[in-house]
């Protein structure tokens with residue numbers, strides 16, 4: 001009996017792993033969708049030193065307006081890919097866009113924003129990644145839409161793409177600003 005179990009156990013483990021991976025590969029699964037327990041919940045509170053060093057960026061300071069918070073870093077290649085889109089949103093759409101420099105060197109952050117342009121109204125410095133951890137950031141870039149009441153309404157994982165901005169972000173911002 002023990003010998004049969006010893007032969008059967010690897011087969012059962014293999015079958016369980018195969019089923020797990022098959023679920024991840026099903027055609028209707030979008031690998032870019034990462035669930036967030038924070039959707040429609042109060043945004044985690046934060047107070048961070050501003051990049052320019054003359055103040056603080058805090059959630060309390062953003063309360064009462066619809067804002068977009070973008071976690072980024074100078075060392076992040078996908079952040080550079082989405083940067084022209086962020087510039088367009090800030091310049092043409094006048095989005096209330098705030099940045100959080102995630103686990104980045106202040107001088108490197110300043111240098112990249114000088115090179116590429118600065119789309120943010122204000123930038124908080126999250127050197128130790130604590131604020132990112134509180135938001136559940138898997139990696140940069142990640143973008144959050146926070147409503148007037150401080151609730152997270154949407155999370156975008158990875159670099160923003162034009163279709164996501166046009167089909168999801170801008171309509172959501174328009175809806176939230178009406179209410």
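Observations
- Angle between the chain longest axis and helix 106-116 axis [Cα atoms, degrees, rounded to 10]: 80 degrees
- Only Cα pairs under 8 Å and 6+ residues apart enter the sum, and on that basis the relative contact order of the chain stands at 27 percent.
- Degrees between helix 77-91 axis and first principal axis of the chain (Cα, 0 to 90, nearest 10): 40 degrees
- Burial ranking of peptide ranges 97-104, 54-61, 118-125 (average Cβ count within 10 Å, highest at the top): 97-104, 118-125, 54-61
- The chain: angle of helix 2-24 to the longest principal axis, Cα-based, in degrees nearest 10: 30 degrees
- Value at 222 nm in deg cm²/dmol, rounded to 500, when DSSP H runs of n ≥ 4 in the chain each add -39,500 (n - 2.57): -11500 deg cm²/dmol
- Over 27 Å [Cα-Cα, the stretch 35-178], rounded percent: 11 percent
Where a number appears in this text, it was derived from the coordinates with a stated rule and is not lab data. What you are looking at is a predicted structure, and each value in this text was computed from that prediction instead of being measured. Reconstructed Cβ throughout: ideal geometry from the backbone, glycine too, with neighbour counts over all protein chains shown.
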